[in-house]
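Data first, discussion second: the structure below is written as structure tokens.
The values are calculated or read from the model by the stated rules, or taken from the named source; none is laboratory data. Everything quoted here is computed from the prediction, not taken from an experiment. Note: ideal-geometry Cβ built from the backbone for every residue, glycine included; neighbour counts use all protein chains shown. Please note that ligands, DNA and RNA were not included when accessible areas were found on the heavy atoms of the full protein model with its side chains. Shrake-Rupley method; radii C 1.70, N 1.55, O 1.52, S 1.80 Å.
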Amino acid sequence: MVKKEKEERNYNRRYASEYNIFRSIWYMVFLHVVAIPFFSVFYDCKITGRENLPKDVKNSKYIYCGNHVSIFDPFLIPFATKRLMAWMAKKELFSPTQKSSKLIISLGAFSVDRTKPEIATFKTVRDIFKTRWALGVFPQGGTRPYGKLDGIKRGFAVIAQNAKADIVPVAIADFNGYPKLFPFTRRKVSLHICKPISYKLSADEIAYRWCEEISKHADYENCYPKPEEIKEDNAVSV
């Protein structure tokens with residue numbers, strides 16, 4: 001019965017106790033033994049903006065939000081920031097049929113239903129911030145090619161406001177594909193850590209500023225409307 005319950009768990013609700021010292025050690029081991037050596041061998045990684053990283057991480061809350069261009073992004077951003085990071089991921093990735101589901105679960109990710117908000121999401125975020133872990137979110141939802149930065153939902157901004165956590169944009173630029181072993185190829189990728197965006201701003205302002213920072217440092221056109229334009233549209237519709 002217990003085994004069946006574990007198999008059926010959808011991981012939309014995770015607790016502070018799950019982000020304990022043992023999971024933290026496993027996360028750092030995976031990062032330093034697997035992820036960092038892999039990126040060092042197969043990628044020419046350029047990281048800028050580390051001076052913008054929050055200094056008071058023990059007493060403050062931060063959500064790291066990057067653009068999403070590859071399956072390596074959930075490891076590239078912790079590689080650049082040196083932070084323990086619990087990622088918000090689509091629920092499909094937690095299916096037992098997914099080969100990577102066990103790894104994703106073991107590294108502290110939690111599932112979300114992108115079609116509707118869940119109370120469990122806000123409770124999980126609250127519990128994560130009771131620990132020394134940070135939260136990681138990809139506002140694009142899934143991997144997207146460079147080009148127009150459109151279709152961005154402001155849900156990540158609402159989560160930031162609810163948790164009273166500032167957002168740190170991380171722009172992933174110059175990604176030119178996955179490496180090959182035969183023949184050996186070494187790809188390029190650049191990451192720029194931007195200055196935090198205050199959760200005290202309006203949700204539309206947060207979303208616009210995030211899009212603006214990502215567009216500035218990566219190859220995107222910001223298609224998110226300016227907050228004043230949204231207000232004007234609303235005024236006209238009323």
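Brief remarks follow.
- C-alpha center-to-center spacing [the stretch 55-93, the stretch 150-194] in angstrom: 9 Å
- Across Tyr146, Tyr64, Tyr178, the residue with the most accessible area heads the list, and the full order at a 1.4 Å probe is Tyr178, Tyr146, Tyr64.
- Cut-off 12 Å between beta-carbons: net charge of the residues surrounding Phe39, Lys and Arg +1, Asp and Glu -1: +2
- Cα principal axis extents for the stretch 172-233, largest first, Å: 55, 23, 14
- When a 1.4 Å probe is rolled over the protein heavy atoms, the share of accessible surface on the chain that falls to carbon and sulfur comes to 56 percent.
- Summed side-chain charge close to Val57 - residues other than Val57 whose Cβ falls under 12 Å, Lys, Arg +1, Asp, Glu -1: +4
- DSSP beta bridges in the chain [antiparallel fraction, %, rounded to 5]: 20 percent
- Our coupling estimate for the stretch 137-154, obtained by passing each phi through the Karplus curve with A = 6.51, B = -1.76, C = 1.60 and θ = phi - 60°, is 9, 10, x, 6, x, x, 5, 9, x, 5, x, 7, 8, 10, x, 6, 8, 8 Hz, Gly and Pro reported as x.
- Relative to its residue count, the stretch 130-182 spans a Cα convex hull of 130 Å³ per residue.
- Between the beta carbons of Lys90 and Lys130, assuming R0 = 35 Å, the FRET efficiency works out to 0.90 to the nearest 0.05.
- Taking 0.36 nm per residue of sequence separation and removing the Cα-Cα distance, the Trp26/Phe122 pair yields an extension gain of 32.1 nm.
- Sequence-ordered 3J(HN,Hα) estimates for the stretch 168-179 from the Karplus curve with 6.51, -1.76 and 1.60 and θ = phi - 60° stand at 10, x, 10, 8, 9, 10, 6, 5, 10, x, 8, x Hz, glycine and proline given as x.
- Sorting the segments 28-37, 216-225 by their residues' average number of neighbouring beta-carbon atoms within 10 angstrom, most packed first, yields 216-225, 28-37.
- Structure-derived Cα extents along the principal axes in Å: which label, when the choices are (1) 55, 49, 36; (2) 49, 42, 38; (3) 50, 40, 30: (1)
- Convex hull volume per residue, computed on the Cα atoms of the stretch 118-238, equals 146 Å³.
- By accessible area with a 1.4 Å probe, ligands and nucleic acids excluded, highest first: order of Leu76, Leu181: Leu181, Leu76
- Area projected by the alpha carbon convex hull of the stretch 12-94, averaged over all directions, nm²: 6.7 nm²
- Rounded to the nearest 20 debye, dipole of the stretch 71-182 from Cβ charges on Lys, Arg, Asp, Glu: 200 debye
- Nonlocal amide H pairs with Leu191, under 5 Å, H built at 1.01 Å: Lys46, Ile47, Thr48, Ala173
- Vicinal HN-Hα couplings computed from phi for the stretch 107-119 (Karplus, 6.51 cos²θ - 1.76 cosθ + 1.60; Hz; Gly/Pro x): 8, x, 5, 9, 8, 9, 8, 6, 8, 7, x, 10, 4
- The chain, accessible area per residue, ligands and nucleic acids excluded (1.4 Å, Å²): 55 Å²
- Quarter of Cα convex hull surface for the stretch 46-133, i.e. mean projection, nm²: 6.8 nm²
- Distance violations [Cα-Cα > 32 Å] among Lys102/Lys200; Lys153/Lys180; Lys90/Lys195; Lys99/Lys153: Lys102/Lys200; Lys153/Lys180
- Residues with amide H under 5 Å from that of Thr185, placed H, sequence gap 5 or more: Lys180
- Sorting Trp26, Trp133 by solvent-accessible area of protein heavy atoms yields Trp26, Trp133, largest first, with a 1.4 Å probe.
- Cβ-placed point charges (K, R +1; D, E -1), dipole of the chain about Cα centre in debye, nearest 20: 1000 debye
- Total charge dipole magnitude, the stretch 152-210, about the Cα centre, Cβ charges on Lys, Arg, Asp, Glu only, Debye to nearest 20: 220 debye
- For Ala134, the residues 5 or more places off, or on other chains, whose built amide H falls under 5 Å of its own are Leu84, Met85, Ala86.
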